[in-house]
Amino acid sequence: MRPSLIAGFAIAAVVLAVCAARAPAREVVRVRLVPPDLEDGDLVFRRGLDAVSRIALSYGPQPRFSHVGVALRIDGSIRVVHAVPRDFDAPGGVRSDPITRFVATDRAADVAYYRVNGLTNEQAERLRRYLIGSIGAPFDYEFKYSDDAAVYCSELVVKALQAAGLNPMADLPTVTGLTLSEPTIPPDALLQFKLLKELAPSSIPGLAGRSHD
């Protein structure tokens, strides 16, 4: 394997996890239903269930989420456009997945939905065009925000918001590390964007309060 790929996977394991970690022992599972009024441009955060993300979620002050995407209605159904590394059953890069797959209990231990307050129809359309146009772009294993040729999950979201005319970067903290060539935006950093408001969650019957043995 090429050194650049090895370094890329090391970064993915240590810094961000764009897929997500199995919840620690005895942690309460907080999986949520999809809000019935979800709109284009709403952000969907996920704490996932793979081993790589378990490492990533150990980085920083108690991060809650390891991945983020944007909800869009495409061909009559709600999908999430997000950037992910390659896994066993799907190629890496920017892709559009059904929201039911994105928040499925075998993929997410925790999910939250946020809306950008004041997003106009025109801004939502510009955001939508950017995201649709990004589908198929490669995943950025070097986590370089300054490089538009490839993107990681939170980079995709930030640049989509910028395409809509917003300036989330003014509010967002970044992380640095020995393996990073520049500061990186972790998914949880987006929660600091001052225009975001969490949509009311609904617990899925039979899951709330269940813990992992």
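The values are calculated or read from the model by the stated rules, or taken from the named source; none is laboratory data. Owing to the predicted nature of the structure, the values given are computational and were not obtained by experimental measurement. Using ideal geometry, Cβ is built from the backbone for each residue, glycine included, and neighbour counts are taken over all protein chains shown.
Here are some notes:
- Among residues of the stretch 102-120, those that are at pLDDT 90 or above and either assigned to a helix (DSSP H, G or I) or surrounded by fewer than 18 Cβ atoms within 10 Å (Cβ to Cβ) (or both), counted: 4
- Test: LEU178 is modelled with pLDDT under 95, out of contact with any strand residue (DSSP E or B) (no Cβ under 8 Å at 6 or more places or on another chain) and hydrophobic (A, V, I, L, M, F, W, C): yes
- So ALA160, is it modelled with pLDDT of 85 or more, more than 21 Å from PRO63 (Cα to Cα) and not in a loop (DSSP other than H, G, I, E, B): yes
- So ASP147, is it assigned to a loop (DSSP other than H, G, I, E, B) and under 22 Å from ARG47 (Cα atoms): no
- All of ILE74, ILE78 fail the test of being modelled with pLDDT of 55 or more, β-branched (Val, Ile, Thr) and within 19 Å of GLU198 (Cα to Cα), apart from ILE78.
- Any hit, the stretch 128-142, residues being part of a strand (DSSP E or B) and modelled with pLDDT under 95: yes
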